[in-house]
Amino acid sequence: TAAISAAGSLGLSMQSASASDTATAEPETTDPIEGLGAGRSRGDGKVKVTGEARYAVEHQPENPLYGVVIQSTVASGRISRMSTEKAQQASGVVAVYTHLNSLKINKPTAIADGGAAQSTYTPIQDDVIIHNGQNIGLVVAETFEQATYAASLVEIDYETSPALIFATDEGVEPKPVSKQDIDMGDAQAAMQQAEVRLSQRYTTPREYNMPMEPHACVAEWQDGRMTVWEPSQWVAGAQVEIAEWMGIDVEDVRIISPYVGGGFGSKPVPYTHVALASVASRALKRPIKVSLTRPQTFTGLGGRPATSQQLELGASRDGKIQAIIQRSFSETSLIDVFAENCSKVTARMYAVGNVSAQHQVRPINTVTPGWMRAPGENPSAFGLEVAMDEMAYALNIDPLELRLRNWADKDYQLDLPWSSRRLKEAYQKGAEAFGWDKRIMTPRSMREGRELIGWGMASGTYPVNKLPAEAKIILTPQGKFVVQCAGADIGTGTYTILAQTAADILGVASTTIEVQLGDTELPRAGVAGGSQLAGNVTAAVNDTARRMRDQLLKLASELPQSPLNGTPASQLTLKGDGVQHNLRSGLAVSFARLASLAPAESLTVKGGTFPDDLSQSERDKMVRNLNDMSRPEKFSAHSWSAQFVEVRVDEDFGTIRVKRMVAALDSGRLYNPKLARSQWIGGMIMGVGQALMEEGIVDPRNGRVINNNLADYLVPVNGDIPSITTINVGEPDFEATTMGGKAVGELGIVGVAAAISNAVFHATGKRVRDLPITLDKII
Ligand code: MCN
Ligand code: MOS
């Protein structure tokens, strides 16, 4: 199943892409090297679609055990009685771990405190229940079926206490997240003076990442070392968290994660089932497979928390936004602070000097929420971009025109110039391709038969994050290059773009370069999160490839048996699978021959982007937490987008279909336009799901997620996705990153739900401020 998974999201995208490929501005390359900028297909595509790629839980250790997680069925209280006797006697059962015979699991350090844990909950250490579906036990048996059956025999009684189910429940004690608050100018005074004011509440429900590959691992304790095959967006983070749980040295943990069947922010770090698997493997001295069921993934880890924002906009009659006041909150668990900050784009998108924004978290009985594609930017853009549309109607100004009148020529929040901001080009090219000038402003004024036509637009943005990384390049005896880096490819294209990066420098076809990823034994890299890995690791491989090139030129010119011996390196070039003399054609030495002549150690080259004076342990520290992630200093660097959407609403039934989507996007230089487009439209499709379908429904009686499966938690399928046009308006931005690219992975989703909500308003005259936009809300 896992093999289909990563391709699953892509397959969806490619289907929908076919109708509009002609509309994309990205020609396929004929460049034989297919280096950066070429629209090469994914290097890992074949092994994934043929089922050859081994996902974490498909690893077959010798003599494995199977662990099945037990989850609580109440939201709050304590376990008053737990009887595991029957389970223990069931056939094939090896052990049942609960708080009664508790294996020690240490509390890990939270991401906010410089660690790698999303949640600091430690299972089976006590009898306390803080949310429904909490991991409270592990049944281990010889087969998965035996463990599953035995888990059903465990008897549990609870002493329940009143639970806080929703963030708005009485008794919830909000906590400010003041570090992220915004206080610019004098928002209150400016608001008072504004000629037109609007104040509305915008909400997004609980949403779940739900990658096709569920959360599942294989943990193997051997000779005092822990190896975990775990789908991971960040192997260095997983390594730290597992070491902390187990109380062992970080160096004694290895994470192996070459393929990930999607994560979308749900696999930055391991969750507590991995803690259970790890300590159980150590106790039983056998490898253990633990796979959460799909329903268990709804509570064994957190998705995007529900958010709510009261947003007030004040403007002059001629359409200048003068003040923004925002008060928002998101839900979090009782034990950890996870803030889905609704003001990430509020003070950045437009030229507004007076902004006040405050965000709170509201602890309730839920699993600690986590990242989901564009955490923060996503709900933030939903509120702001619908509010802008509302203001456009209040002022009777075209929504695109209103955005242009509030064009931010710098980052007002940081008071910094933009590194690049081709958002005007995006507005213009997007509008042109969409035909925005034919839009009639009045709602319900465009129709075809029974269908009301709605055209809406919104802006999107995502910041450029940075972290140093390392790489290694090896020349094999066969004369082929192998590129190594610990970074992940979660379906994004890391394998492909790293081969392309090296190909540019080494002068060979990128398809001949092997890339190895996703293993803590490989050179350091940080998280595939915050849409930064591509920039971080292409820069590292670029540096390493240059070092390899210098090395090969030196070997060719200095090795006594080299045909190029004595020729200065400056007169040599890497080309056609070897080193060639620049002037004397035919005088060359192949890489394979060089490899046979050179001492073995000279054929492995390391490089990267860490400052030279950093020690090994300082480098380790940097990739093992998120605090060292940075942004460019002298410039404010972001990706930008303009989303245009057409919806059709059936006047009688209220059904909503997205008919067309056009987006123009600025992600700087594209390392691979085909894969960038795939990322962009993947985000846009996820935005359609967010706008029209996705909603975790929580039972008010017991805090249980009711629709905890992919039949009831709706996401778009091919039939829901229209023709999608993407237009690349980006240009290389070397102020933003070494290689000139900006964020891609999360950009596509930001603003989409707002554009759809705005289109639905245009079609129907109904303003929907609470996602998802289901038909009951517009009829
Ligand atoms: N790229 C490019 N040019 C650039 C930047 C990126 O061509 N200037 C392309 C490359 O193919 C690169 C990809 O876009 O591999 C993503 O690059 P980047 O924006 O740096 O994002 P990351 O590599 O850090 O990937 C993480 C990002 C995030 S944070 C989420 S959430 C998300 C996303 O990627 N989850 C995904 N896209 C996903 N795609 C798939 N298939 N599965 C997920 O789980
Ligand atoms: Mo992405 S939500 O930053 O993993």
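The values are calculated or read from the model by the stated rules, or taken from the named source; none is laboratory data. All of these numbers come straight from a predicted model, not from anything done at the bench. Note that we place each Cβ from the backbone using ideal geometry, even for glycine, and neighbour counts take in every protein chain shown.
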Restricting attention to region 356-367, and to residues there that are farther than 14 Å from T168 by Cα and buried (at least 24 other Cβ atoms within 10 Å of the Cβ), which single residue is farthest from ligand 2 (Cβ to nearest atom)?
-> A357
Top-ranked residue of region 189-227 - restricted to ones that are of a type in the set (S, T, Y) and over 22 Å from G370 (Cβ atoms), ranked as nearest to ligand 1 (Cβ to nearest atom) | T227
Quick one: K606 ticks every box in (1) surrounded by fewer than 20 Cβ atoms within 10 Å (Cβ to Cβ); (2) touching a residue at least 12 places away in the same chain (Cβ under 8 Å); (3) not in a strand (DSSP E or B) except a single one, so which number is it?
-> (3)
Just a yes or no: is a residue in region 491-498 within 14 Å of ligand 1 (Cβ to nearest atom), touching a residue at least 60 places away in the same chain (Cβ under 8 Å) and touching a strand residue (DSSP E or B) at 6+ places or on another chain (Cβ under 6 Å)?
-> yes
On the given criteria, is A763 crowded, with 24+ Cβ neighbours inside 10 Å, among the small types (G, A, S) and within 21 Å of L675 (Cα to Cα)?
-> no
Region 770-779 - residue that is out of contact with any Leu (no Cβ under 9 Å at 6 or more places or on another chain) and surrounded by fewer than 19 Cβ atoms within 10 Å (Cβ to Cβ) and, of those, modelled with the lowest pLDDT | I779
Would region 216-234 turn up any residue that is farther than 23 Å from L65 by Cα and either out of contact with any Cys (no Cβ under 9 Å at 6 or more places or on another chain) or in a helix (DSSP H, G or I) (or both)?
-> yes
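Yes or no, residue by residue, for (1) more than 16 Å from ligand 2 (Cβ to nearest atom); (2) in a strand (DSSP E or B); (3) at negative phi; (4) not aliphatic (A, V, I, L, M):
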| site | (1), (2), (3), (4) |
| --- | --- |
| W640 | yes, yes, yes, yes |
| Q643 | yes, yes, yes, yes |
| V647 | yes, yes, yes, no |
| F653 | yes, no, yes, yes |
| M661 | yes, yes, yes, no |
| A664 | yes, yes, yes, no |
| K674 | yes, no, yes, yes |
Would you check if there is a residue in region 567-588 being within 43 Å of the chain's Cα centre (by Cα), within 16 Å of ligand 2 (Cβ to nearest atom) and among the polar types (S, T, N, Q)?
-> no
Got a number for residues in region 512-554 being in a helix (DSSP H, G or I) and surrounded by fewer than 24 Cβ atoms within 10 Å (Cβ to Cβ)?
-> 11
How many residues of region 720-736 are within 16 Å of ligand 1 (Cβ to nearest atom), part of a loop (DSSP other than H, G, I, E, B) and in contact (Cβ under 8 Å) with a residue 24 or more places away in the chain? The answer is 8
Taking region 152-170 as the region of interest, how many residues are closer than 14 Å to S76 by Cα and assigned to a loop (DSSP other than H, G, I, E, B)?
-> 6
Do we have G171 as free of Cβ contacts under 8 Å to residues at least 24 places away in the same chain and over 30 Å from S757 (Cβ atoms) here?
-> yes
Members of region 103-124 found to be touching a Lys or Arg at 6+ places or on another chain (Cβ under 8 Å) and within 25 Å of N708 (Cβ to Cβ), listed by number = T120, T122
Quick one: in region 295-324, of everything that is touching a strand residue (DSSP E or B) at 6+ places or on another chain (Cβ under 8 Å) and hydrophobic (A, V, I, L, M, F, W, C), which residue is farthest from H273 (Cα to Cα)?
-> A315
Scan G740, G696, G730 and give me the residue that is at positive phi and more than 16 Å from ligand 2 (Cβ to nearest atom).
-> G740
Note: among A509, A528, A502, A539, just one is modelled with pLDDT of 95 or more and in contact with a strand residue (DSSP E or B) (Cβ under 6 Å, 6 or more places away or on another chain), namely A502
Is it the case that region 225-245 has a residue that's surrounded by fewer than 24 Cβ atoms within 10 Å (Cβ to Cβ), in contact with a strand residue (DSSP E or B) (Cβ under 7 Å, 6 or more places away or on another chain) and among the acidic types (D, E)?
-> no
Tell me, which residue of region 268-315 that is under 30 Å from E390 (Cβ atoms) and within 16 Å of ligand 2 (Cβ to nearest atom) is farthest from the chain's Cα centre (by Cα)?
-> T307
Could you check, for region 415-423, whether at least one of its residues is in contact (Cβ under 8 Å) with a residue 12 or more places away in the chain, out of contact with any Asp or Glu (no Cβ under 8 Å at 6 or more places or on another chain) and not aliphatic (A, V, I, L, M)?
-> no
Could you tell me which of the residues M388, M372 is at pLDDT 95 or above, touching a helix residue (DSSP H, G or I) at 6+ places or on another chain (Cβ under 8 Å), farther than 20 Å from D666 by Cα and within 16 Å of ligand 1 (Cβ to nearest atom)?
-> M372
Among residues of region 505-531, those that are without any contact (Cβ under 8 Å) to a residue 40 or more places away in the chain and within 16 Å of ligand 1 (Cβ to nearest atom), counted = 1
For region 559-567, indicate whether the set of residues that are over 24 Å from P32 (Cβ atoms), in a helix (DSSP H, G or I) and among the hydroxyl-bearing types (S, T, Y) is non-empty.
-> no
Out of all the residues in region 701-719, is one or more assigned to a helix (DSSP H, G or I), more than 24 Å from T307 (Cα to Cα) and away from ligand 2 (no atom under 16 Å from the Cβ)?
-> yes
Take the residues of region 56-106 that are closer than 16 Å to T143 by Cα and of a type in the set (S, T, N, Q): which is farthest from the chain's Cα centre (by Cα)?
-> Q89
Going through region 737-753 in order, the residues found to be part of a loop (DSSP other than H, G, I, E, B), more than 9 Å from ligand 1 (Cβ to nearest atom) and buried (at least 24 other Cβ atoms within 10 Å of the Cβ) are V750, G751
Restrict the check to region 109-132 and report whether at least one residue is part of a strand (DSSP E or B) and of a type in the set (S, T, N, Q).
-> no
Specify the residue that is surrounded by the fewest Cβ atoms within 10 Å (Cβ to Cβ); the eligible residues are those in region 707-719 that are free of Cβ contacts under 8 Å to residues at least 40 places away in the same chain and among the hydrophobic types (A, V, I, L, M, F, W, C).
-> A711
